[in-house]
Amino acid sequence: MSRLRLPLYGKILAWFALNLAVLVLLFLFFLKAQFRLGLDWMLSGEPGDRIAAIGEAVTHEFSRLRESEWPARLSDYDQKHGVTFGLFNSRGEQVFGQTIQPSPEVMPRLIDRRPPGEPGKRRPPGPVSKRPADAPPKPRFMLRAGTPARYWAGVHLDLVAQDGHPLTLVMVSDTLSGGGLFMDLRPWLGLAAVALVLSALLWMPLVRGITGFIRTLNTAAGRIAQGNFQERIEKTRSDELGELSVSVNAMAAQLGDYVREQRRITADVAHELCSPIARMQMALGVVEQRSTPEQAGYLKRLDGELQHMARLVEEVLAFSRAEALPERESPEEIQLRELLQAVLAREAPDGGVRLEVGDIRLRSLRAALDRAIGNVVRNAVRYGTETHVQADRENDRVVIRVLDRGPGVPEASLQHLFEPFYRPEAARGRASGGSGLGLAITQRCMEACGGSVRAENREGGGLLVTLSVPASA
């Protein structure tokens with residue numbers, strides 16, 4: 001089961017969202033703690049002003065109505081504000097409105113300590129003068145109580161019932177917002193949205209800078225891993241990522257020097273081996289002329305070993321020289337059908353290879369392309385059956401496919417096929433396997449032509465090797 005891959009950019013933003021969620025939880029925890037202590041602190045802000053305004057409106061309106069009309073008007077307030085309204089006297093008894101059962105914590109708040117007024121006292125009809133700005137606010141309260149918990153708010157009114165007791169207006173809601181009367185959540189949500197957007201705008205340049213530079217590092221490291229040791233990271237930073245880019249550049253330079261030195265030593269050794277091998281072959285020829293029949297078998301095996309060494313040295317030299325092909329050869333016009341026919345005549349003289357190619361012309365390095373295709377065809381004929389060569393032009397590239405039916409290659413070995421001296425397990429024996437340089441030379445020749453090569457297993461068995469080269473150099 002594959003793990004979900006989340007880019008670093010997404011991880012940082014997810015961590016940022018988690019950070020905000022923790023802050024929200026802490027805020028809610030703080031509010032919950034405040035609720036347990038009481039909500040009177042909210043009365044100093046807009047909730048208190050709204051509750052006071054409702055009290056003033058009820059006092060102003062009810063003072064002009066008969067008491068028989070009060071229950072219906074309270075019901076209108078219920079529907080308008082989405083909370084339950086009720087009127088209680090100074091003894092904590094509900095006298096008007098939908099039945100409300102106060103909890104023990106609420107009961108002391110309902111009792112109005114003011115002395116009873118004249119029975120049935122009401123404001124005189126006509127406009128009611130506004131309260132002076134410096135007038136003390138009417139006694140109010142707000143709390144969370146009961147099981148299940150409900151939110152209670154109340155204000156003592158300048159309104160007296162028929163029995164002479166002052167009245168208290170009570171508002172009850174199942175939620176803290178109270179239909180927007182207790183707390184209007186819209187400003188809070190707007191503030192949260194603005195905070196989120198501003199935080200994201202502050203974070204995104206930093207996150208984008210980090211992830212963008214890491215992406216550049218990753219791209220450069222991938223090219224270096226493919227053997228492009230001239231790759232360098234041009235961007236600079238003054239933090240740890242900048243130090244990492246300097247280290248990557250230094251690593252690429254050292255790897256390039258090491259590989260060049262290794263190739264030079266390999267080429268020099270292979271070149272120096274040519275002369276002693278040639279002298280040994282000449283000496284062996286002289287010995288064979290003077291040998292006895294009993295010695296002929298040993299000498300023949302010795303000659304086979306020398307020929308194998310000579311071919312190996314030749315391939316090592318070809319591998320070393322392939323890197324300098326663009327400097328040693330010039331592009332030329334190539335008729336692809338003629339080139340493929342010449343390759344098949346050399347690598348598969350007995351026939352049996354099916355060729356499909358149209359009238360395709362391209363401009364490239366003839367010797368490099370010839371050797372690259374020849375190595376692939378040689379492997380297909382040696383290890384497979386029903387070899388098939390196709391060539392097509394796809395946009396501005398020429399694609400050559402060499403297919404066969406055979407054992408194929410283990411999936412784990414496909415990515416290593418074009419490495420020097422690598423041979424799959426099935427081809428490690430000398431009787432069936434070469435030096436392991438053929439496909440490595442193919443890759444270098446294709447790179448010299450500005451192309452590429454890849455291998456994949458076919459369904460039903462066999463191997464498909466695809467060579468792609470630009471149509472014009």
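Loop only per DSSP, at most 14 neighbouring Cβ atoms within 10 Å: give me the GluC sites (Glu not before Pro) in the stretch 52-98, ordered by residue number. Here the GluC sites (Glu not before Pro) that fit, given the DSSP loop and packing criteria, are Glu93. Subtracting the Cα-Cα distance of Leu18 and Asp174 from 0.36 nm times their residue separation leaves 53.2 nm of extension gain.
Working ranking of peptides 280-291, 301-312, 458-469 by packing, defined as the average number of other Cβ atoms within 10 Å per residue, highest first, is 458-469, 301-312, 280-291.
For Gly462, the residues whose modelled amide H falls within less than 5 Å of its own, excluding neighbours fewer than 5 places apart on the same chain, are Gly406, Gly408. Shown in residue order for the stretch 396-408 are the 3J(HN,Hα) couplings computed by the Karplus curve 6.51 cos²θ - 1.76 cosθ + 1.60 at θ = phi - 60°: 9, 10, 10, 10, 10, 10, 10, 10, 8, 10, x, x, x Hz (x for Gly and Pro). Restricting the GluC sites (Glu not before Pro) of the stretch 198-287 to loop positions (DSSP other than H, G, I, E, B) with no more than 15 neighbouring Cβ atoms within 10 Å leaves Glu234. One chain, two ends: Ile265 and Gln281. Fully extended at 0.36 nm per residue, the span grows by 3.3 nm beyond their Cα-Cα distance.
For the stretch 374-423, the Kirkwood radius over C-alpha pairs fed into Stokes-Einstein at 4 °C and 1.567 mPa s yields D = 104 µm² per second. Residues whose amide H lies under 5 Å from that of Arg397, counting only those 5 or more places away or on a different chain, are Ala471; hydrogens are built 1.01 Å from N in the peptide plane. Each Lys or Arg adds one and each Asp or Glu takes one away; over the other residues whose Cβ falls under 14 Å from the Cβ of Val381, this sums to +1. Within the shell of other residues whose beta carbon sits under 14 angstrom from the beta carbon of Gly461, the net charge comes to -3, with Lys and Arg scored +1 and Asp and Glu -1. For the stretch 54-84, the list of trypsin sites (Lys or Arg not before Pro) that fall in a loop by DSSP and count at most 12 other C-beta atoms within 10 angstrom reads Arg66.
Just so you know, all these numbers are worked out from the coordinates, no wet-lab data involved. Small disclaimer: the values here were computed from a predicted structure and weren't measured. Cβ sites come from the backbone with ideal geometry, for glycine too, and all protein chains shown count toward neighbours.
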